[in-house]
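The values are calculated or read from the model by the stated rules, or taken from the named source; none is laboratory data. Computed from a predicted model, the values in this text were never measured in an experiment. Cβ atoms come from the backbone with ideal geometry, glycine included; neighbour counts cover every protein chain shown. Just so you know, the surface numbers come from the protein's heavy atoms only, side chains and all, with ligands and any DNA or RNA stripped out. Shrake-Rupley method; radii C 1.70, N 1.55, O 1.52, S 1.80 Å.
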Amino acid sequence: MKLEENSLNGEFQPASNSEEYYTGQFEGPEKLLELWFSPDAKTVRQQFRSDSSISSLSSSPDGNLPEERRICYSPNGTSVIDLEQEFGDDYERYGLRTVSRKVWESMLELVHCQVLNLIKNEHVDSYLLSESSMFVYPHKLILKTCGTTTLLAAVPRIIEIASSLGLESIWRVFYSRKSFMFPDLQKAPHRNWSDEVAYLDGWFNNGAAYTVGKTNGDHWFLYLTPPQDNCLKIEGEEPVESSYQTLVEDPEDVDDVTVEILMTDLCPKAMDQFYHHPDANQPDAELGGKDVERITGLGSIYDNSLTDSFLFTPCGFSLNGLINNNYYTIHVTPEESCSYASFETNVPLSKGEDISESRALSQLIKQVTNVFQPGKFTVTVFNSQAETHFENIQRHHPDSVNTHSHVYTPYHHDRRGNQGRPQRFNHDLENSPPKSIYINDIKGYRKTDRILYEFEGYNLNFAHFVKRV
């Protein structure tokens with residue numbers, strides 16, 4: 001596969017070392033990138049097992065098939081990796097989860113951040129970084145970096161790594177960030193939103209860019225592509241229209257919610273917990289991170305989670321948590337001049353409890369903001385907007401269906417365009433409002449904005465809050 005050339009032309013140099021560039025103005029708000037190479041992990045697993053023609057995935061030098069879980073080629077295709085020895089576990093690994101830590105570390109050098117630690121379970125690998133986090137699933141990669149990191153400079157390398165594994169198509173792209181506190185400190189292509197959009201448009205077809213919120217206040221940027229067979233720009237090929245025909249077999253991928261809480265003007269007294277205090281014999285690094293987890297309760301936001309945290313010197317805190325195939329991540333910049341904290345999760349909101357998702361969201365917001373006591377915060381919620389096959393036909397061909405019928409639907413679409421397993425629905429032609437997780441008022445705060453975007457297959461809810469005085 002030959003991609004269009006995207007020259008770095010000297011502009012995309014890694015940020016300088018933190019000791020060199022830090023001026024007391026650290027950029028806490030993160031850049032967040034999601035690259036989906038397939039709608040779900042099981043699709044990649046099936047490809048891994050069935051496509052023996054791709055040597056980098058499933059064949060040994062003599063053409064014989066090795067034990068699939070334990071061995072595959074390294075991403076450059078030159079050596080065989082024993083996955084159990086490489087990762088120190090016996091999880092079934094395929095797709096992006098066969099990429100070694102050394103390869104990811106080399107990619108992250110382009111971003112100018114380092115791996116601090118790795119935790120994992122049977123679904124996902126969680127990398128705690130010197131500047132935020134990375135989560136690697138078999139079919140997708142989520143990379144989140146703060147400071148003056150050059151996140152988008154890694155896009156070509158990530159595509160190259162995935163292609164060497166046989167993942168030569170990209171199904172979806174998401175890139176988002178809050179407005180920067182210190183935009184003049186950023187490196188290209190992150191100096192302004194239009195440059196970031198132009199860079200992404202150079203790699204992907206059918207991308208759409210949005211600015212959400214007050215342009216003269218706190219706002220949020222979003223770039224995304226619709227689900228399609230391949231949104232990569234390939235030389236000599238015309239863009240194709242979106243395709244929604246991939247069947248998702250994992251029911252946990254059908255109902256999808258991602259929540260971000262982005263907080264500024266944090267309470268100085270509350271921020272003291274995120275400083276390293278050597279005079280009080282407080283440890284730093286991983287041990288100090290566990291202390292902060294315990295003191296603040298951030299490590300127990302979710303029951304039975306596996307957590308990994310780090311307390312920086314002289315200040316700053318990061319945490320990654322895993323719960324089955326879901327994650328949550330927290331990052332804190334406590335300095336009063338640039339205080340910022342972020343919380344992100346894709347853990348289902350109701351968690352099986354008998355409460356609405358909106359009420360569960362309110363409880364989560366209160367639990368998080370009680371720790372940081374922000375002067376201002378923004379909440380973004382992506383949630384699936386299910387559309388049944390019957391409803392799809394009804395919307396496009398209203399004369400061809402019975403107006404009041406009990407129909408067995410072969411699938412429904414989730415917010416990322418996935419198709420779920422068969423379900424029964426009672427249908428009526430009266431239009432009901434699209435599913436949306438409402439962001440309720442929060443005690444002690446004034447809601448200054450609430451914006452709802454209805455995209456194809458999912459909704460985005462945005463709300464901004466200011467502390468009452």
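Structure values in brief
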quantity: Cβ-Cβ under 7 Å pairs, at least 6 apart or on other chains, the range 186-200 side closer than 18 Å to residue 220 by Cβ, far side among the basic types (Lys, Arg); calculated: 190/31
quantity: Total residues in the range 308-317, condition under 14 Å from residue 293 (Cβ atoms) and open to solvent by 20 Å² or more (accessible area, probe 1.4 Å); calculated: 1
quantity: Single residue of 171, 193 found to be of a type in the set (A, V, I, L, M, F, W, C), in contact with a Lys or Arg (Cβ under 9 Å, 6 or more places away or on another chain) and either open to solvent by 30 Å² or more (accessible area, probe 1.4 Å) or within 22 Å of residue 263 (Cβ to Cβ) (or both); calculated: 193
quantity: Residues within the range 445-469 that are over 16 Å from residue 378 (Cβ atoms) and touching a residue at least 60 places away in the same chain (Cβ under 8 Å), tallied; calculated: 6
quantity: Yes/no for residue 112 being open to solvent by 20 Å² or more (accessible area, probe 1.4 Å), assigned to a loop (DSSP other than H, G, I, E, B) and at positive phi; calculated: yes
quantity: Hey, residue 198 open to solvent by less than 30 Å² (accessible area, probe 1.4 Å), assigned to a helix (DSSP H, G or I) and not β-branched (Val, Ile, Thr) or not; calculated: no
quantity: Residues being open to solvent by less than 10 Å² (accessible area, probe 1.4 Å), closer than 22 Å to residue 86 by Cβ and either in a helix (DSSP H, G or I) or in contact with an Asp or Glu (Cβ under 9 Å, 6 or more places away or on another chain) (or both) - total across the range 140-168; calculated: 7
quantity: Number of positions in the range 214-230 that are in a strand (DSSP E or B) and farther than 23 Å from residue 337 by Cβ; calculated: 4
quantity: Residues that are within 22 Å of residue 345 (Cβ to Cβ) and over 26 Å from the mean Cα position of the chain (by Cα), drawn from the range 295-317; calculated: 295
quantity: Flag if residue 27 is at pLDDT 85 or above and either in a loop (DSSP other than H, G, I, E, B) or within 23 Å of residue 141 (Cβ to Cβ) (or both); calculated: yes
quantity: Matching residues in the range 441-469 - criterion: being open to solvent by 40 Å² or more (accessible area, probe 1.4 Å), modelled with pLDDT of 95 or more and not in a strand (DSSP E or B); calculated: 441, 443, 468
quantity: Residue list for the range 92-103, restricted to those being outside any loop (DSSP other than H, G, I, E, B) and open to solvent by less than 50 Å² (accessible area, probe 1.4 Å); calculated: 95, 96, 97, 98, 103
quantity: Test for residue 284: is it touching a His at 6+ places or on another chain (Cβ under 9 Å) and over 20 Å from residue 368 (Cβ atoms); calculated: yes
quantity: Residue list for the range 102-136, restricted to those being farther than 27 Å from residue 189 by Cβ, among the charged types (D, E, K, R) and touching a residue at least 60 places away in the same chain (Cβ under 8 Å); calculated: 120
quantity: Set 326, 346, 320: member being without any contact (Cβ under 8 Å) to a residue 40 or more places away in the chain and open to solvent by less than 70 Å² (accessible area, probe 1.4 Å); calculated: 326
quantity: Verdict on residue 324 being under 24 Å from the mean Cα position of the chain (by Cα) and at positive phi; calculated: yes
quantity: Hey, residue 303 modelled with pLDDT of 75 or more and open to solvent by 60 Å² or more (accessible area, probe 1.4 Å) or not; calculated: yes
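One line per residue, one yes/no per condition, for (1) at pLDDT 50 or above; (2) open to solvent by 30 Å² or more (accessible area, probe 1.4 Å); (3) outside any helix (DSSP H, G or I):
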{"site": "20", "(1), (2), (3)": "no, yes, no"}
{"site": "33", "(1), (2), (3)": "yes, no, yes"}
{"site": "39", "(1), (2), (3)": "yes, no, yes"}
{"site": "90", "(1), (2), (3)": "yes, yes, yes"}
{"site": "105", "(1), (2), (3)": "yes, yes, no"}
